[in-house]
1. In this structure, is residue 46 modelled with pLDDT of 95 or more and assigned to a loop (DSSP other than H, G, I, E, B)?
2. Go through (1) more than 20 Å from residue 92 (Cα to Cα); (2) of a type in the set (Gly, Ala, Ser); (3) touching a helix residue (DSSP H, G or I) at 6+ places or on another chain (Cβ under 9 Å) for residue 66 and report which single condition fails.
3. Out of (1) free of Cβ contacts under 8 Å to residues at least 40 places away in the same chain; (2) closer than 22 Å to residue 11 by Cβ; (3) more than 15 Å from the chain's Cα centre (by Cα), the odd one out for residue 124 is which?
4. Checking the structure you have, find out if any residue of segment 12-27 is open to solvent by 30 Å² or more (accessible area, probe 1.4 Å), among the hydrophobic types (A, V, I, L, M, F, W, C), closer than 22 Å to residue 144 by Cα and at pLDDT 95 or above.
5. If you take the residues in segment 30-43 that are aliphatic (A, V, I, L, M) and part of a strand (DSSP E or B), which one is most open to solvent (accessible area, probe 1.4 Å)?
6. Please go through segment 106-151 and pick out each residue that is open to solvent by 40 Å² or more (accessible area, probe 1.4 Å), of a type in the set (A, V, I, L, M) and assigned to a strand (DSSP E or B).
7. Which condition from (1) over 25 Å from residue 13 (Cβ atoms); (2) at pLDDT below 95 is the one that residue 132 breaks?
8. I'm trying to understand the selection: among the residues of segment 111-147, which are of a type outside the set (A, V, I, L, M, F, W, C), touching a Ser or Thr at 6+ places or on another chain (Cβ under 7 Å) and under 19 Å from residue 41 (Cα atoms)?
Amino acid sequence: MTMPYLANPDQQQTLEWLGGGLLTILLDSQATEGKLTVGLFDVPKDEAPPFHLHTREDEVFVLLKGNALVWAGDECHELSEGGAIYLPRNIPHSYRITSHRADLLLITTPGGIEEMFRHAGRDITTPRPEGFELSKDRLREAASLHGNVILGPPR
């Protein structure tokens with residue numbers, strides 16, 4: 001039976017992510033019976049994940065605040081505030097934030113990608129280890145374990 005799920009901010013997990021940015025997991029796959037994951041990134045200028053693809057999820061980004069360049073395959077596009085992009089699974093992609101800060105809404109279907117973020121990121125409610133950074137090796141390991149393929153460095 002499908003049931004609604006409400007997650008107030010105190011029930012949402014926030015992770016430290018690339019470049020000191022934050023990812024708040026608004027709805028995870030457990031809350032949505034595996035159907036989707038919804039997250040909100042708050043990231044600084046020049047934040048850029050490696051060029052990668054997802055083998056398990058289709059992905060939507062909505063740029064709520066800020067500006068970014070987005071690569072999908074060999075094409076580069078400018079995404080402005082309020083813009084959205086749909087990235088089907090197995091399409092190589094990346095982005096780079098070009099504004100001072102940006103808020104990105106992430107939606108993936110089916111759910112489950114949050115486990116990759118949890119594996120590599122750091123829950124901000126835990127003490128921050130001195131010198132913590134999300135290393136390339138940790139990111140590559142998390143990606144590999146959760147159906148993502150890193151194809152190259154950030155664009």
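The values are calculated or read from the model by the stated rules, or taken from the named source; none is laboratory data. Keep in mind that what you see is a predicted model, and the values were worked out from it rather than measured. Virtual Cβ from ideal backbone geometry, glycine too; neighbours counted across all protein chains shown. Ligands, DNA and RNA are stripped out before the accessible areas are found, and what is left, the full protein with its side chains, is counted by its heavy atoms. Shrake-Rupley method; radii C 1.70, N 1.55, O 1.52, S 1.80 Å.
1. Numbers: modelled with pLDDT of 95 or more: yes; assigned to a loop (DSSP other than H, G, I, E, B): yes.
Criteria met by residue 46.
2. Every condition holds for residue 66 apart from (3).
3. So residue 124 meets the others, but not (1).
4. Yes, segment 12-27 has at least one match.
5. In the first step, residues of segment 30-43 are kept if they are aliphatic (A, V, I, L, M); the result is 31, 36, 38, 40, 43.
Then drop every residue that is not part of a strand (DSSP E or B), which leaves 38, 40, 43.
Values: 38: 20, 40: 58, 43: 0 Å².
My answer is 40.
6. Hits for segment 106-151 are 107, 149, 151.
7. The single condition residue 132 does not satisfy is (1).
8. Within segment 111-147, the first condition is being of a type outside the set (A, V, I, L, M, F, W, C), and the residues that meet it are 111-112, 114-115, 118-119, 121-123, 125-131, 133, 135-138, 140-141, 144, 146-147.
Narrowing further to those that are touching a Ser or Thr at 6+ places or on another chain (Cβ under 7 Å): 111-112, 114, 147.
Matches in segment 111-147: 111, 112, 114.
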